[in-house]
Structures are given as structure tokens and as C-alpha cells.
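What follows is a set of notes on a single structure, which appears directly below.
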Amino acid sequence: MKRNSFRWAVMLAAVMMSVMSFARTRTPDFRGRVVDEEENPLPFVNVVLLSLPDSAFIEGAVTDEQGMFKITTAVNSGLLKVSSIGYETLCLRAADALTIRMKEDAQLLGEVVVKAMRPKTRITGEGLQTSIQGSVLEHVGSADDVLAQTPGVINGPNGLEVIGKGSPQVYINGRRVTDETELKRLRSEEIQSIEVITNPGAQYDATVRSVVRIRTVRRQGDGLSFSLNASDSQSPRWTSHNDPFGALNVNYRTGGVDVFGGVNYQRFSFRQESNIDKTSYGRGFQFDEVGALVGESFERSLYGNAGVNWQLADNHFLGGKVEWGRKLTLNLNTVVDDMVYENGTLTDKLTTTSDDCIGDRTPYNLGANLYYNGVVVGKLGIDVNLDYYGTDNSTRSLSEEVSTMTHNASVASGSYNAGRLYAAKAVFSYPVWKGQLQAGTEETISRRTDEYTISGVAIPASMAEVKEDNYAGFATYAFLLGRSQLSAGVRYENVRYAYADALAPENDLTRHYGNWFPTVSYAGAAGPVQLMLNYSAKTRRPNYANLSSAIRYNNRYTWQSGNAQLQPELSHNIGATAVWKWVTLMLNYVRTDDAIMTWSSLYGTDGVVLVRPRNIHSPFRAMTAMVNLTPTFGPWTVNYSFGIQPQWLSIRVEDPRETSGFRTTTFNDHPVCFAQLFNTVRAGGGWQFELGGVVQSRGWSQNLYMTNVFCNVTAAVQKSMFRDGSLVMRLEGADLLGMAQMNVNTDFGNHTIRQTNLMDLQRIKFSVNYSFNAAQSKYRGTGAGAGEKARM
């Protein structure tokens, strides 16, 4: 630990020297800022200084995230050539303190239809950037609502996902989002653009497979601003499922200091009704379990944040932020009725009633970030982040089992887990030749304790501790070549992992991993068509709950456990994207080795089934192909996506019914097809009407077969009031047809499951949002250890 403290001390010293050095840094000969037509900064724009009159190359630079550039040279005159994919190339007389405004390339972006009300999508070199301000997406509600209609993102049975890449890591103005309610609080009117990155570069953790970067509208002026958001969501099926939400965010800006804070409250309720048929096969016997489950949960939570940003000088920013959350109440009630048959004869009729609540310690999470970013020594960009994240969770459970054929039982259990994360990340950037070189390091130190006690059944308790240290270094070089952009990067991660159980030392283990993760991407244009190709290697490490070998008791016939023997999975991703006017095509292929999947198998000879994660040793291959269409017809804008997701997976499984005891089962024959259809009509007087839906066919998703068609139909009506639209009222409905359900079958070899579900997803929601002198915080912290926070 002393060695880690020394490294962090060195990093802090580098930050302080950088802060003090800016005053002594020589003013470069030419500096400036590149923005778009709406005054938003443009990163990664190529700026080249040419001599007069022969246009010979003298020096070059690439703009940073704030659109700033600096060129240091002894020459005191020349011509600046400014170029970026999707924008017209500019040539202008060199001067100091320039603000350069770039215009979108009409040939690449297509014609503007009906005053450009449709959202424009262009390739940035890393992903797809969609403009929100000035389009119909500007008034659809929250950031969650905007993301659901953003090209490359789908809102399906598993929530918001980047198509073919899973749940993304989200950033707002370069800051990592750790509070999931922040996307509900951020209004669509405050969003300038959304960039969906399907091939995250080496600067991101190797576990990150997709990134969403949200850039907000840049506000001017000092003073006080605030936003107030309140909503109420009601389930038509169950009157007790009423979920209010409220959020207040305040920002005060004066000169170069920005102070901000916020608090929000939410209540969450959920209900699930399922019919579950399970069959287990052993040597000479067969167990069949026919069950019905009803589960209902209610939670209340409170979140808050506060921070400050200080602009020391041009291109020098220092700040900090604290975020906290506390679960106020948790009530989970589950009733399971089971009939168990052994070789066709009824052997047990059992009702299990379980109640879960908060344990002896109140669950909470606390995060803090300190950052500095700026430009020193002429062109050297520095971005340093120090992070802390802690979480405590405690639950208590009591299960009462009543059997009409065997014996009754009372099982009590308690669990407590706590996690601590310390992370540091430093990124340095410098213009080299016609591009920019970026290099850095990231360190995360994680500690987690997991205690589990149980009485009333012969299952051992556990007291486990997990230690994981991850030291990473990365480098990326990207440059513009004509109208094309090329980039390549590599990330090396050295991971040391240790698991120790004080009550079961035979399960202790240590591991050491050292892996390289390359990324390559190309972006360019062929006539009016924008193109992007990319490749990346990624990993996925099991979350800490899945690494615990302690057995959790669900009921007499179903137990659950983690797996301390789990290995990280490794995937290779290849993607291609094309954009022409309002048509976007996406294709992605991924091969995953040692894929982590949930597996269920017979445990002993008494009909007990153990559910636990495992590595699949056969390669798992999947592909996603999608087309997105966003034309506009007068006041009507459509946003339609159509796609297909085939997969290839064959697994050798245990099956005692076979002579050899094994057989091969496949999960290949039915690809999932999907469609996402959104319609928006803008009317006068601030009115907006929406009708949309997501449809997903039957098919395989890893080792689960979805046996029904999923269909979620949504509608909304919205009214913006006052001249500046600062007051917005919105009425919306979800799952209007009651068909947003997912039923599944699966085959584990010696165990099969067939399950139908009725989920509480139908909602009617009314919301009111008011913004006064709306001003976004200038906070520029990007955070460190994001992947580890998600695992905790």
C-alpha cells in the first residue's frame, strides 16, 4: 500500500507543478478555439500552419476536448488550414486568439429537410454523433428518453443498450455518470449532442465495450440558476405501485468559479408473476418441479451531490465533486408455490414465503473525484483524476416453508458486503506530425468484504475478502489524412487478484493477469457517404458478487452461488458503419472466449438445483446488423430502426440420459429480429405528440430462448410554456398494450427450465420540469476506475 501511496503522491505533485507552471509558460505564437455554427467546441480538429506564398508545412496541432489549439513557432505569419470529418475545410490568415467557426459539409450530411427538424447524424472517427438541439429530440423529456431514440441505441427488454454492445458507460461533458438518476434529471432541452462510441479507445478500461458521450448546451453569463423536476408514475394494474420522483439542482457561477449541487428522491416499486416448470435428470431418477411465483418490491432512495469547478486561467481547470446515495427502505416479498414430482410421483407440495429488508446497517454509497486538466509548456495537455468510491449493503431475509407432505421449516439469513475503491488516472496529449499522441496510466485498488450467515438449513456461512489491484498503461495516436482519420492504440493491464474465505480456506485462490488490448479505427468518406471501420479487443471480469462461493438459499429446491473459479472473458470486436443523409447502417461481429453465463444444474440427489455463473469453453460468436432511418415529412419526423442478431454457440453438456453421459446442445437456430419505431409530430404553441414502440422477435440470447414476441408501445403528449420553454409538462404511457413481457426456455443438459412472466412495466407518468436561468456546470472531471465502480 505504501508503494501505491507513493505513486499517488508523485501524481499529485505533477498536478501541482502543472498548475503552477501555467503562469510561467510562454505564450504561443498562435492559439485559438474551434467551434461549430452553434458555438459548441469541436475536439480533434486538425489545424495546420502553412507558409506564404508556397503553402509549405510549418507546424500543426489538434484541438482538445474544449476545441482549443496552440501552435508554437518562430514564424509570425502564415496561413491556417482547418479540417475535420463532416465539416468544410477552412483556410484563413494566421492570427492569435482566433475563434474559428466551422460549417457542416452539406455533401456529407445531406439536404436539410423542413428547417432541419430531424436530428443529424455524422461519423466522428470514434462513433456516431447525433445533434439534439434544434431537432424533434430536443423536447422528448429526459436524457433517458433522448437516448431511447438515438441511432445506435435500443430500449429493449434489458433496458437501454448500444446495439450489439450491451449497456454503455455514459459521460456528460466528459464526466463519468455514476448516479443512474442523473439521466432522468437531465432535460432533453439541455442536450446539444449525443455521441455513441461502439469502439472505445485505449484510454478506456478494457471492460468498456461501448460509451455514450452527452454534450450539453453551452450557457453564458454568471449568477444563480436552478432546475426543478417532479414526476409521478402509476401502474394501471396495481394501485399500490405509485412511484413519485423529485429533483432539485442548483448552480451558482461567478467569474471563473462554478459551485453546484443537487438532491433527488425516488420511490421504486415492482411486481412479477411467473410460472416456472423445471426438470432435472440424474442416473435412474427424474425430478419435475411445477411452480408459481409472485414477487413484489418497494424501495425508497435519496441521492445528493455537490462540487466546485475553478477556472484558474485559459485552459487550466481544477475542481472536485462528492456524490452520495442512501437506500431509505427496502421491502421485498416473494411467495412460491411448488409441486415436486420424483419419477412421476408427487413427493412434496410446498409454499415458501420470503421477506427481505434492510439489515443492521443502512445501505449507502459515497463517491468523490478531484481533477485537474489543462495545457502547459505550449502544447502538452494534462488530464488527471483521483477517485474514491465506497459502498455498504446489508440485508436480512426470513423464509417460512409450509409443506403438506413432508416437514415445515424456517430459514433465516443475513448478508453484509462492503466495497472500497481507490483510483487514479493521468492522460497526457501532445500534437505529433499531423495528429495527436495520447498516453497515460490508470490504477485501481479494490477491496471488498462479503459476510453471509444462515440458520435453519445445512448450508455453511462465509466470511470472504476480495483484493484486486489493476495497473494499466495506454497510448493512442490519431491523425487526419485528407478527409480520412486513422487511429491506433494499445492498453496493457496488469491485474492481481486474491480471494480468501476465513470460514472455508480451501476455497482461497490468487491469480495474476497481464493482457494487451489493441484498438484500430478508420473514418473517412466515399463521395456523400461517411464510413467507419474499427477493431478492438476487450475483456469482461466477473462482478464481485459472482466471485463469492457462498451458497444463498432461495427455497428448499433452489440454491444460488457465485463461483470463485471464474475467469475473465476475452472478446474480439469488428465493426463497420456507413451514413448517407438520413440513412445509417451498422454491422458488428464479436467472438468471445471463456464467456460468462448463468448455469443451472442438479446438486446432489434430493432434487436441489444450484444456480451459479460459469465460463463457457466453446467460443461464443454473435453478429448485429441494423439500419436506421430518420426522414422528415413536414411536421412529422420518423426514427425507425430495423435489425437482426444471429449467434453461434454449441456446448457439450452433462446429460445422464445419454449413454456417454454427455451431449452437445446448440443455441443457434433462431436469430432475434428487432424494430424500433418512433414518430414525432411538432405542432404550434409548444405542443409535441409522440407514438412509438419496440418489437423483438422470438430467438436466442446467449443460452436463453425467448419464446414470445416482446412489444412495448409508448405514447406521449407534451406542452412547452413561456417564451423560453422553461416550463415543460409531459404526459406519457409505457407498455400500452401490456405486451412488454419476456418468456424464456433454456437447456442446461441435466436440467431444463420453462418460464412465463408477467412484469409490472405498464405505466402512466406525468412530469413537470422548470428551469430558471439554466446553466450547466463547467465540471470537467472525467473520473478514474469507472469499470471497477460498475463491478461494485
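Taking the Cα centre of the chain as origin, work out the dipole magnitude from +1 charges on Lys and Arg Cβ and -1 charges on Asp and Glu Cβ, in debye rounded to 20. All intermediate terms of the calculation are to be shown ahead of the outcome.
On the way: 76 positive and 76 negative charges, 407 e Å.
It comes to approximately 1960 debye.
In segment 167-322, carbon and sulfur make up what percent of the accessible area (probe 1.4 Å)? Mind dumping the intermediate values first?
Numbers: 3240 of 5840 Å².
The value for segment 167-322 is 55 percent carbon and sulfur by accessible area.
Could you tell me, in Å, what Rg and Dmax come out for the Cα atoms of segment 128-265?
My reading of the Cα-based Rg and Dmax gives 16.5, 52 Å.
Using only the Cα atoms of segment 340-408, what semi-axes does the equivalent ellipsoid have when each is the square root of 5 times a gyration tensor eigenvalue? Give whole Å, largest first.
For segment 340-408, the semi-axes come out at 59, 18, 5 Å.
Scanning the chain for chymotrypsin sites (Phe, Trp or Tyr not before Pro) in DSSP loops with at most 11 other Cβ atoms within 10 Å, what's the longest stretch left with none? Mind dumping the intermediate values first?
On the way: sites that count: Trp433, Phe722.
For chymotrypsin sites (Phe, Trp or Tyr not before Pro) (loop position, at most 11 other Cβ atoms within 10 Å), the longest site-free span of the chain is 1-432.
Considering only Cα-Cα distances, which of the following residue pairs are longer than 19 Å: Lys120/Lys765; Lys81/Lys103; Lys120/Lys434; Lys120/Lys719; Lys321/Lys538; Lys278/Lys349?
Lys120/Lys765; Lys120/Lys434; Lys120/Lys719; Lys321/Lys538
How big is the charge dipole of segment 169-225 about its Cα centre, in debye rounded to the nearest 20, if each Lys and Arg gets +1 on its Cβ and each Asp and Glu gets -1 on its Cβ?
On the way: 10 positive and 8 negative charges, 17 e Å.
Approximately 80 debye in magnitude.
Taking the chain as the reference, fit the longest principal axis to its C-alpha atoms, fit the long axis of helix 2-21 to the helix C-alpha atoms, and give the angle between the two in degrees, 0 to 90, nearest 10.
That works out to roughly 30 degrees.
Can you divide the C-alpha Rg of segment 164-210 by 2.2 N^0.38 Å and report the result to two decimal places?
Working: Rg = 11.7 Å, N = 47, 2.2 N^0.38 = 9.5 Å.
Segment 164-210 yields a ratio of 1.23.
Once amide H atoms are placed 1.01 Å from N in the peptide plane, what residues at a sequence separation of 5 or more from Leu312, or on another chain, have their amide H within under 5 Å of its amide H?
HN-HN under 5 Å from Leu312: Phe317, Leu318.
May I ask which residue of Gly685, Gly733, Ala409 lies farthest towards the positive end of the charge dipole of the chain, with charges of +1 (Lys, Arg) and -1 (Asp, Glu) on Cβ and the Cα centre as origin?
Gly685
Under the Karplus relation 6.51 cos²θ - 1.76 cosθ + 1.60, θ = phi - 60°, what is the ordered set of whole-Hz ³J(HN,Hα) values for segment 371-383, x standing for Gly and Pro?
So the J values, rounded to whole Hz, are 8, 9, 9, x, 10, 10, 6, x, 10, 6, x, 10, 9.
List the trypsin sites (Lys or Arg not before Pro) within segment 272-370 that DSSP assigns to loop and that have no more than 13 neighbouring Cβ atoms inside 10 Å. Don't jump to the answer; show the numbers that get you there.
Values: sites: Lys278, Arg283, Arg300, Lys321, Arg326, Lys327, Lys349, Arg361; in loops: Arg283, Arg361.
Within segment 272-370, the qualifying trypsin sites (Lys or Arg not before Pro) (loop, at most 13 other Cβ atoms within 10 Å) are Arg283, Arg361.
In percent, what relative contact order does segment 472-597 have, based on Cα pairs under 8 Å that are 6 or more apart in sequence?
Working: 250 pairs, mean separation 22.7, N = 126.
The value is 18 percent.
Quote the charge dipole size of segment 570-639 about the Cα centre in Debye, to the nearest 20; the model charges only the Cβ of Lys and Arg (+1) and of Asp and Glu (-1). Walk me through the numbers before you get to the answer.
Working: 5 positive and 3 negative charges, 39 e Å.
That gives a dipole near 180 debye.
Taking one equal scatterer on every alpha-carbon of segment 517-564, how large is log10 of I(q)/I(0) by Debye at q = 0.14, 0.22, 0.27 1/Å?
For segment 517-564, the Cα-only Debye profile gives -0.59, -0.84, -0.95.
Based on the Cα coordinates of the chain, what is the per residue volume of their convex hull in Å³?
Numbers: hull volume 127.0 nm³, N = 792.
About 160 Å³ per residue, rounded to a whole number.
Counting pairs of alpha carbon atoms under 8 Å apart in space and at least six apart in sequence, what relative contact order in percent does segment 677-773 give? Each step should come with its number before you reach the end.
On the way: 206 pairs, mean separation 22.8, N = 97.
Relative contact order here is 23 percent.
Of Thr198, Val170, Val217, whose Cα points farthest to the positive end of the dipole of segment 168-218 (charges on the beta-carbon: +1 Lys, Arg; -1 Asp, Glu; origin at the Cα centre)?
Highest projection toward the positive end goes to Val217.
Ignoring any ligand, DNA or RNA, what whole percent of the accessible area of segment 510-589 comes from carbon and sulfur when the probe is 1.4 angstrom?
On the way: 2030 of 3210 Å².
After summing per-atom areas, the C and S share lands at 63 percent.
Using Stokes-Einstein with the Kirkwood hydrodynamic radius over Cα pairs, what translational diffusion coefficient do you get for segment 274-411 at 25 °C and a viscosity of 0.890 mPa s, in µm²/s rounded to a whole number?
Numbers: Rh = 20.2 Å.
The diffusion coefficient I find is 122 µm²/s.
What is the diffusion coefficient of segment 432-551 in µm²/s, taking the Kirkwood radius over Cα pairs and the Stokes-Einstein relation at 20 °C with a viscosity of 1.002 mPa s? Walk me through the numbers on the way to the answer.
On the way: Rh = 18.0 Å.
D = 119 µm²/s.
Given H placed 1.01 Å from N in the peptide plane, which residues other than close sequence neighbours of Arg552 have an amide H under 5 Å from its amide H?
Correct list: Gln560, Ser561.
Percent of Cα-Cα pairs more than 23 Å apart in segment 193-346, please.
Details: 7951 of 11781 pairs.
Here the long-distance tail beyond 23 Å is 67 percent of all Cα pairs in segment 193-346.
Limiting things to C-alpha atoms, what are the Rg and the maximum Cα-Cα separation (Dmax) for segment 612-730, in angstroms?
Cα-based Rg and Dmax for segment 612-730 come out at 22.5, 77 Å.
For segment 118-196, report the convex hull volume of the alpha-carbon atoms normalised per residue, in Å³, without decimals. Numbers along the way, then the final one.
Details: hull volume 7.5 nm³, N = 79.
Residue-normalised Cα hull volume stands at 94 Å³.
Just the number please: accessible area per residue for segment 251-374, 1.4 Å probe, all protein chains included, in Å². Mind dumping the intermediate values first?
Working: 5480 Å² over 124 residues.
Heavy-atom SASA per residue in segment 251-374 reads 44 Å².
May I ask you to derive the relative contact order of the chain, considering only C-alpha pairs under 8 Å and at least 6 residues apart, and to give it as an integer percent?
Numbers: 2272 pairs, mean separation 94.7, N = 792.
Relative contact order of the chain: 12 percent.
Please compute the alpha carbon radius of gyration of segment 504-585, then divide it by the globular-protein estimate 2.2 N^0.38 Å. Two decimals is fine. Before the final figure, lay out each step's value.
Details: Rg = 21.8 Å, N = 82, 2.2 N^0.38 = 11.7 Å.
Scaled against compact globular proteins, the figure is 1.85.
The values are calculated or read from the model by the stated rules, or taken from the named source; none is laboratory data. Fair warning: this is a prediction, and the values are worked out from it, not measured in the lab. All Cβ positions, even for glycine, are placed from backbone atoms using ideal geometry, and neighbour counts span all protein chains on display. Heads up: the accessible areas ignore ligands, DNA and RNA and are worked out on the full protein's heavy atoms, side chains in. Shrake-Rupley method; radii C 1.70, N 1.55, O 1.52, S 1.80 Å.
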